[in-house]
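One structure below.
The values are calculated or read from the model by the stated rules, or taken from the named source; none is laboratory data. Since the model is a prediction, treat every value here as computed from it, not as a measurement. All Cβ positions, even for glycine, are placed from backbone atoms using ideal geometry, and neighbour counts span all protein chains on display.
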Amino acid sequence: MNTEQIKNAITSPWPFFGVTAQGDVLARYVPYGPVLRWRWNQMIPTPVQGSDLLWLLQAAEEEGHGLSSPEKDKAQASKAPRRKSTR
């Protein structure tokens with residue numbers, strides 16, 4: 001999907017799947033459901049929806065990065081609590 005198609009899909013209530021020019025994978029799986037974003041092997045709801053999400057995507061594009069920077073994602077992953085071994 002190109003940028004215009006993704007913007008139209010975000011504001012429509014229907015399911016879609018697309019990748020932005022900055023590499024963010026966005027999807028809606030059920031009609032009228034939230035827009036989800038791929039992050040570290042899971043789909044999570046985007047921080048905002050609808051026209052607010054369009055604004056966030058535009059701001060990220062102007063700044064030259066995706067919805068969140070890879071460094072921030074890696075830092076959050078390294079801070080995540082790890083499971084302890086039960087052995």
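Side notes on the structure shown:
- Any hit, region 41-58, residues being surrounded by 13 or more Cβ atoms within 10 Å (Cβ to Cβ), in contact with a Leu (Cβ under 9 Å, 6 or more places away or on another chain) and not aliphatic (A, V, I, L, M): yes
- Filter result (surrounded by fewer than 17 Cβ atoms within 10 Å (Cβ to Cβ), part of a loop (DSSP other than H, G, I, E, B) and at pLDDT below 95) within region 15-28: Ala21, Gln22, Gly23
- Cβ-Cβ under 9 Å pairs, at least 6 apart or on other chains, region 1-25 side farther than 16 Å from Leu56 by Cα and aromatic (Phe, Trp, Tyr), far side at pLDDT below 90 and surrounded by 12 or more Cβ atoms within 10 Å (Cβ to Cβ): Phe16/Met1; Phe17/Met1
- Within region 29-40, the set of residues being touching a Leu at 6+ places or on another chain (Cβ under 8 Å) and not in a strand (DSSP E or B) comprises Tyr29, Val35.
- Enumeration of residues in region 31-82 that are farther than 25 Å from Lys7 by Cα and either among the hydrophobic types (A, V, I, L, M, F, W, C) or modelled with pLDDT of 60 or more (or both): Ala75, Ala77, Ala80
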